[in-house]
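The structure appears below as structure tokens.
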There are 2 protein chains.
Amino acid sequence: MGYPALLLSLLVFLAPGTCIDPRRVLRTLSSLHLPTNPASRSSVAKNYSVFYFQQKVDHFGFSNMKTFKQRYLLADKHWDKDGGSILFYTGNEGDIVWFCNNTGFMWDVAEELKAMLVFAEHRYYGESLPFGNNSFQDGRHLNFLTSEQALADFVELIKHLKRTIPGAEDQPVIAIGGSYGGMLAAWFRMKYPHIVVGALAASAPIWQFEDFVPCDMFMKIVTTDFKKSGSNCSVTILRSWDAINRLSSTGSGLQWLAQTLHLCSPLTFEDIPNLKEWIMETWVNLAMVNYPYASNFLQPLPAWPIKVVCQYLINPSVPDSMLIQNIFQALNVYYNYSGQAKCLNISETATKNLGSLGWSYQACTEMVMPFCTNGIDDMFEPHQWNLKKYSDECFKQWGVRPRPSWIITMYGGKNIKSHSNIIFSNGDLDPWSGGGVTKDITDTLVAVTIKEGAHHLDLRANNALDPTSVLLARALEIEHMKRWIKDFHDNVGRQP
Amino acid sequence: MGYPALLLSLLVFLAPGTCIDPRRVLRTLSSLHLPTNPASRSSVAKNYSVFYFQQKVDHFGFSNMKTFKQRYLLADKHWDKDGGSILFYTGNEGDIVWFCNNTGFMWDVAEELKAMLVFAEHRYYGESLPFGNNSFQDGRHLNFLTSEQALADFVELIKHLKRTIPGAEDQPVIAIGGSYGGMLAAWFRMKYPHIVVGALAASAPIWQFEDFVPCDMFMKIVTTDFKKSGSNCSVTILRSWDAINRLSSTGSGLQWLAQTLHLCSPLTFEDIPNLKEWIMETWVNLAMVNYPYASNFLQPLPAWPIKVVCQYLINPSVPDSMLIQNIFQALNVYYNYSGQAKCLNISETATKNLGSLGWSYQACTEMVMPFCTNGIDDMFEPHQWNLKKYSDECFKQWGVRPRPSWIITMYGGKNIKSHSNIIFSNGDLDPWSGGGVTKDITDTLVAVTIKEGAHHLDLRANNALDPTSVLLARALEIEHMKRWIKDFHDNVGRQP
């Protein structure tokens, strides 16, 4: 999720006045999500059925009577109508099958919670396209891509399941999601507590809006991850930008850069902002997927990948050419751990499982997350957050203007203590934890922190190399969910 | 509010296959609201300022960037920034000035609660027309008339007030409304607890949807009001329908009927369903405004008007002609208490302060309230609830189909116990109490019942003739509101 928004915003402040390059956006918007983990995936077989449910394109108006098919996956192997539950994955910005395969936690706990698993695809992603191939044509077709409409889809889908599956009516539903999907899970419980008894909101940066957190927090956490993972690692990266700037000032320098970084295409001077963004994006991605075991994100990655990367970045005080050679070695860990890549492509789309266009639109409307860097507290070139430019770029691209305060207006920002039954989990290594809820708000709005956790590690399948902190987090999460389920069953028939 | 929906639905089952007569709808949809009460109004001077706030036409999409001016009234004579509050009237389907002048309770408690009073006009009513004179042109222009959009208007308005009025930021806001406005107040607290600390939902029939209450409940309460107000009163009314049917079967009978009822226009056989609806509507109106003191609704009315009406309806066993003469005397209490009316007009619009077209659309989209009668437990001719016909009429009139379960999907129906700080007040005499919350749900979702109360009597100004039950209700309401205000001020600075 938000990472694309971040990159979009960086684009704006990196290259003021320039138009967003759609190819570039496509790539940057496509690089967030989670590795499949063949090792753990095989441990619990993911046998699900695929269904489609007819949804209204517009839940909030009556003149548009169009409908579309929302895809969802259902697995009921462990479901027990007696004291069981329904775990409902609030799909985020991508193909639901991919999310399903990357949310091993739900599969791991299904038996214990006697749970039916449902994975609902988010509208405008995967196969759930309100206007088919025309869905991204223009602002008019994209008008129904909002978090509110997505939540209403979830509500209608759950009502449909309860109506049509015998025994489902009297089952508590728990919303589970990660990243943007984690925000959706939390908001789902806030707005529709009559539909879901609780929510597990993993790595959900619900406060990464307006000025709830300093705009430089995200990149500070990325920097800290590198700082802690190797001596001089972040300083080396910090110095690399100037080295690139110096080297790219001559034609031969540009040629050398492209060659040394094994890029697939030659570089022009105009490509340099893109090159730097691409490198920056790599470090951010690494911070998000800095998992304790080998995983497979875009390309295969080793365990604790930042540590591996940092082995090449121990000396910041070498000449520019040496520095860039080391940067290449580091990038190569991320892009070529398998050794199969012939060259590195700075405009390459990372994975097709994410809906890049959809998220780019969402970042231009509701999901406005301010980011900035100062080059002092972080390892990046200084860039300010510029809402005006951001808005202008959005207007150019989609014909819409963002509403930076809408999400807070709608979902309450920091004033959410009257809600209940939400677990906010965050990994300390995850840059998104900066905008997350990391302290208990009340007895039932609880924060779970995972010291050694990157981006929603807790939602991933069990792994022999899981650190204790994530095991504890999952245990706590299960405890809360069990209580919600028990409370529900205890209260059945006691409704007013 | 809902009364128009009731009448709309009756139209559908009374005259299957016939089209809704716009004139008729206009009248039936305009006859709900509250008497001005000159006596009590003068006791607290209503000095307010009128303002306009630029609202987005569509809060839930980004492609429509149009805005419109929402009217609101503000009175701050008693407002004290130190420990004070903001009482926010959630405007319903009519002119906000009229509501302001008919909600004396807020004026009466302003000093005690050190409150700023705000009366917000509902979109598509009064002067708050999203597309000016074109607002009701067709379904496309009416597309933004929903309770969700109205609530979002309220939220944005409150944020605006807090931003622009020094000292308002740190003030608790309490939502107050009656009838449809009472539902809005309750839903406001449910959906935006970060904006309002509590809600007083007076005579809010939030369960008058789907099958939450039997469809004949409303008319049963109307009947009970008449039954209790005079010997044989309801039986006389019950018999009157057949008398009308018999008399209207001949040309001379029609002529006699029109003459005896002092109608302004002659009657044809086709008018008879309208005539009966108009009479039925009169009895329903009387049940809603059966106040303990003289009030001025449409026409001036005596105290306990049903008792006065029933004085003419003591003998059900007289010949048809005598029965109809007595019915005329009863109707005349309602339509001609002042003695000024030269004739009675069965297609007369009752008051222009209500937005009849707007409500007719709302009843055809979100506000689908099933009503029926059986002629056994109530004093009306039997009519079934027929959703199919209702929907077809809506489609003919507005090009929309109602979604009968949407309100419950959105706002939770009976499963609302996780919310807090809502007072549901209901008068036992009020037919709308059947769909209201009349028992406590939790410690903070409380029901206040008013034994001698008609439609939101508690929101009316103090009156020397107020029964003890309404005095107690208001005292309870004030106690709750004071607690919410205190809790807010006690917690300022303690937010997470």
Sort out which residues of region B:435-470 are part of a strand (DSSP E or B) and touching a Phe, Trp or Tyr at 6+ places or on another chain (Cβ under 8 Å), and write them in order of number. B:LEU445, B:VAL446, B:ALA447, B:VAL448
Take region B:387-421 and flag every residue that is in contact (Cβ under 8 Å) with a residue 60 or more places away in the chain and within 22 Å of A:PHE488 (Cβ to Cβ). B:SER405, B:ILE408, B:MET410, B:TYR411, B:GLY412, B:GLY413, B:LYS414, B:ILE416, B:HIS419, B:SER420
Subset of region B:119-161 that is under 21 Å from B:ASN47 (Cα atoms) and surrounded by fewer than 24 Cβ atoms within 10 Å (Cβ to Cβ) - its residue that is nearest to the other protein chains (Cβ to nearest Cβ): B:ILE158
Would you confirm whether any residue within region A:264-271 is more than 30 Å from A:ILE176 (Cβ to Cβ), modelled with pLDDT under 95 and in contact with a strand residue (DSSP E or B) (Cβ under 8 Å, 6 or more places away or on another chain)? yes
Tell me whether region B:348-364 contains one or more residues that are farther than 28 Å from B:CYS100 by Cα and surrounded by 20 or more Cβ atoms within 10 Å (Cβ to Cβ). no
Counted residues in region B:42-68 being crowded, with 21+ Cβ neighbours inside 10 Å and not in a strand (DSSP E or B) come to 4
Checking B:ASN232 against (1) under 26 Å from B:PRO305 (Cα atoms); (2) within 14 Å of chain A (Cβ to nearest Cβ), only one condition comes out false. Which one? (2)
Sort out which residues of region B:51-67 are in contact with a helix residue (DSSP H, G or I) (Cβ under 8 Å, 6 or more places away or on another chain) and more than 11 Å from every other protein chain (Cβ to nearest Cβ), and write them in order of number. B:PHE53, B:GLN55
For a quick check of your reading of the model, give me the residue pairs whose first member lies in region B:468-491 and is touching a residue at least 12 places away in the same chain (Cβ under 8 Å), whose second is surrounded by fewer than 18 Cβ atoms within 10 Å (Cβ to Cβ), with beta-carbon atoms closer than 6 Å and at least 6 apart or on different chains. B:SER469/B:LYS451; B:SER469/B:GLU452; B:HIS489/B:GLY83
Condition met for B:SER425 (small (Gly, Ala, Ser) and without any contact (Cβ under 8 Å) to a residue 24 or more places away in the chain): no
Flag if A:ASN426 is touching a Ser or Thr at 6+ places or on another chain (Cβ under 8 Å), more than 9 Å from every other protein chain (Cβ to nearest Cβ), more than 26 Å from A:SER234 (Cα to Cα) and not in a helix (DSSP H, G or I): no
Kindly indicate which of B:ASN326, B:ASN285, B:ASN296, B:ASN274 is farther than 30 Å from B:ALA464 by Cα and modelled with pLDDT under 95. B:ASN274
Quick check on B:SER356: is it closer than 23 Å to B:LEU267 by Cα and at pLDDT below 95? no
Please name all residue pairs, on different chains or six or more residues apart, with Cβ atoms under 6 Å, provided the first residue is in region A:374-386 and is farther than 17 Å from A:CYS233 by Cβ and the second residue is part of a strand (DSSP E or B). A:PRO382/A:THR373; A:HIS383/A:THR373
Those helices (runs of 4 or more DSSP H) lying entirely in region B:303-418 with at least 2 residues under 26 Å from B:LEU151 (Cβ atoms) and not basic (Lys, Arg): B:356-363, B:387-398, B:406-411
Of all residues making up region B:170-184, the number that are out of contact with any Leu (no Cβ under 6 Å at 6 or more places or on another chain) and either modelled with pLDDT of 95 or more or part of a helix (DSSP H, G or I) (or both): 10
Of the candidates B:TRP256, B:TRP278, the one satisfying the condition of being surrounded by fewer than 20 Cβ atoms within 10 Å (Cβ to Cβ) and farther than 21 Å from B:GLU452 by Cα is B:TRP256
Scan region B:372-411 for residues that are within 14 Å of another protein chain (Cβ to nearest Cβ) and farther than 30 Å from A:PRO193 by Cα and jot them down. B:CYS394, B:PHE395, B:GLN397, B:TRP398, B:GLY399
Could you grab me the full set of residues in region B:412-423 that are surrounded by 18 or more Cβ atoms within 10 Å (Cβ to Cβ), facing another protein chain (nearest Cβ under 8 Å) and not polar (S, T, N, Q)? B:GLY412, B:ILE416, B:HIS419
Failed item in (1) closer than 25 Å to B:GLY436 by Cα; (2) more than 14 Å from every other protein chain (Cβ to nearest Cβ); (3) modelled with pLDDT of 95 or more, with B:GLN255 passing the rest: (1)
Every listed condition ((1) surrounded by 24 or more Cβ atoms within 10 Å (Cβ to Cβ); (2) in contact with an Asp or Glu (Cβ under 9 Å, 6 or more places away or on another chain)) holds for B:GLY177 save (2)
Among the residues of region B:191-208 satisfying the criterion of being of a type in the set (A, V, I, L, M, F, W, C) and surrounded by fewer than 24 Cβ atoms within 10 Å (Cβ to Cβ), which is farthest from the other protein chains (Cβ to nearest Cβ)? B:TRP207
Would you be able to say whether some residue in region A:468-476 is crowded, with 18+ Cβ neighbours inside 10 Å and either within 14 Å of chain B (Cβ to nearest Cβ) or over 23 Å from the mean Cα position of the chain (by Cα) (or both)? no
Is one or more of the residues making up region A:19-30 over 25 Å from A:ALA202 (Cα atoms) and modelled with pLDDT of 95 or more? no
Within 22 Å of B:VAL368 (Cβ to Cβ) and not hydroxyl-bearing (Ser, Thr, Tyr), is that true of B:HIS489? no
Would a scan of region B:118-131 turn up a residue that is over 21 Å from the mean Cα position of the chain (by Cα) and not in a strand (DSSP E or B)? yes
How many of the residues in region A:69-95 are closer than 21 Å to A:ILE195 by Cα and not in a strand (DSSP E or B)? 9
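The values are calculated or read from the model by the stated rules, or taken from the named source; none is laboratory data. A quick note: this is a predicted structure, and the numbers were derived from the prediction, not measured. Every residue, glycine as well, gets a Cβ built from its backbone with ideal geometry; the counts of neighbours run over all protein chains shown.
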